[in-house]
Amino acid sequence: MKQKLVNWTGISFGFSVGLFSTFLFSVTFLSEKFDKPWDIFWSALNAIIGAVIGSLIGGTIAYSVAMYQINAQHRREEEKEEKSQKMIASRILNELIVNLPAVKRINGMLAELSGDFLGLAQEMANDNKEITEGLTVFNNQIEVDLLLQLRTNLVDMKYIELYKSVELLDQIKKTTIYITNQKIPDYISYSLERILFLTNEYISLMDKYDE
């Protein structure tokens, strides 16, 4: 907007200066060449009309050139932003794939035990550390901090599934940490079901990138 205003201001200023200069030149330097005052007036008027036409043509050309430059600059900025978003998306996808094996291990572990999450939750509440330690080992292999930082710079909506995948991974890690410190069976059972659901969703999204 500012660039357009500057362009129009420059064109208008040049147009006004051209008109004034033409009139001043006609009156000052051409007056001695005419015997009648009306001849001076008509000559000056013709010069002004010519200057108006020339200024309009020049102004139109200047405006067209200015708009071309603005559009070209806008396209370059769009291309630069698109390239930046593509690089961020590629890095996020690589990090998500790196975390996939740990998520699959958690998913496989819970899938085998999914028939009786409440009974399993009661054992975990009674300090049966076998499941808790297994979840902790796999969960410690998940790295999500870098992904969360990268996600803040990913604003293109066409990468919404990558954004969602990062959110799923973050929820998997947080819920698994929560469950290892929980002592209420009902909460543990719900959290186990939640982790199984989240890991299934994550694996499903990652499978799309293998197609």
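The values are calculated or read from the model by the stated rules, or taken from the named source; none is laboratory data. Being a predicted model, the structure only gives us computed values, none of them experimental. Please note: Cβ atoms are built from the backbone with ideal geometry, for glycine as well, and neighbour counts cover all protein chains shown.
For this structure, a couple of remarks:
- Region 176-202 - residue that is of a type in the set (Val, Ile, Thr) and out of contact with any helix residue (DSSP H, G or I) (no Cβ under 6 Å at 6 or more places or on another chain) and, of those, nearest to Leu100 (Cα to Cα): Ile177
- Residue check for Ala66: hydrophobic (A, V, I, L, M, F, W, C), touching a residue at least 24 places away in the same chain (Cβ under 8 Å) and not assigned by TED's automatic domain parsing to the domain that holds Leu162: yes
- Scan of region 152-203 for residues that are part of a loop (DSSP other than H, G, I, E, B) and either outside the structural domain of Thr136 (by TED's automatic domain parsing) or more than 33 Å from the chain's Cα centre (by Cα) (or both), ordered by number: Asn181, Gln182, Lys183, Ile184
- Every residue from region 180-211 that is within 15 Å of Asn139 (Cα to Cα) and modelled with pLDDT under 90: Thr180, Asn181
- A single entry from Val137, Val65 fulfils the requirement of being among the aliphatic types (A, V, I, L, M) and either surrounded by 13 or more Cβ atoms within 10 Å (Cβ to Cβ) or under 30 Å from Asn181 (Cα atoms) (or both): Val137.
- Residue in region 129-143 that is of a type in the set (Gly, Ala, Ser), closer than 30 Å to Glu78 by Cα and part of a helix (DSSP H, G or I) present: no
- Of residues in region 38-60 being surrounded by 11 or more Cβ atoms within 10 Å (Cβ to Cβ) and of a type in the set (Val, Ile, Thr), the one modelled with the highest pLDDT: Thr60
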